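Let me begin by presenting the structure, written as structure tokens, before commenting on it.
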Amino acid sequence: MDNKISFRLAEEKDKPFLLKLRNETMNGHIYNAGLIPNNEIHIERINYRFDCANVVVVDDIEVGLLKVIKEGELWHLVQIQLSTSSQRKGIGREIILEVLRQAFENNSGVKLSVFKANPAKNLYTELGFKTYLETETTYEMQAMLGEE
């Protein structure tokens, strides 16, 4: 991977970018789950634990969002979103591997939720996440230290 990935804490001024990113990356998955996306719900999701939100920067260009709640024995990967032009380049894999590395160093696991129709589920499975709960629209997954 030749991309230089960095992160910076999200700020209020980033919210228009994050709303555009969310519409670009999530509306299709929301529709596929039989739900109707809207900006009000997107904004609620953006604001949820905004203190944990980081803008993903690749080669000095803002391309995504990473939101991880790093608390307790099971960190919560709340959101990872990359612009469509940044997908399928190994960036998401690299980011998730780094989250797992940090969590495992802290003797924590990582949990996440993914829409059933989201192909990112395959990546999560490849990286060691296992489904522990299935809802009507999502898989709840986790990766634990020491599990293969």
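The values are calculated or read from the model by the stated rules, or taken from the named source; none is laboratory data. Nothing here was measured: the structure is a model prediction, and the numbers come from that model. With ideal geometry, Cβ positions are generated from the backbone for all residues, glycine too; neighbour counts draw on all protein chains shown. Calculation scope for accessible area: heavy atoms of the full protein, side chains included, ligands and nucleic acids excluded. Shrake-Rupley method; radii C 1.70, N 1.55, O 1.52, S 1.80 Å.
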The alpha-carbon center of the range 79-135 and that of the range 1-40 are separated, in whole Å, by 15 Å
Net charge near E140, counting Lys/Arg +1 and Asp/Glu -1 over other residues with Cβ under 15 Å of its Cβ?
+2
Evaluate the distance, in nm, between pseudo-label points positioned 7 Å from the Cα of Q102 and of L35 along their respective Cα→Cβ axes.
2.5 nm
Send over the semi-axes of the range 30-148's equivalent ellipsoid, whole angstrom and largest first, taken as the square roots of 5 times the C-alpha gyration tensor eigenvalues.
21, 18, 15
Rounded to the nearest 20 debye, dipole of the range 56-148 from Cβ charges on Lys, Arg, Asp, Glu:
220 debye
Work out, step by step, the length gained on full extension between K89 and S6: first 0.36 nm times the residue separation, then minus their alpha carbon distance; give nm to one decimal.
28.3 nm
On the full set of protein chains, 1.4 Å probe, figure out the accessible area of Y132 and give it in Å² to the nearest 10.
110 Å²
Determine the sum of side-chain charges near R49: Lys and Arg each +1, Asp and Glu each -1, restricted to other residues whose C-beta is under 13 angstrom from that of R49.
0
Taking each full run of DSSP H in the chain as one helix, which ones are at least 30 Å long along their axis (Cα atoms) and have mean Kyte-Doolittle hydropathy of at least -0.5?
none
Using the basic label-point model (7 angstrom from Cα toward the beta carbon), what is the V57 to R45 distance in nanometres?
2.5 nm
From the backbone phi of the range 58-75, what are the Karplus-calculated ³J(HN,Hα) couplings (6.51 cos²θ - 1.76 cosθ + 1.60, θ = phi - 60°) in whole Hz, Gly and Pro given as x?
10, 6, 6, 10, 6, 10, x, 9, 10, 10, 10, 8, 9, 10, x, 8, 9, 5
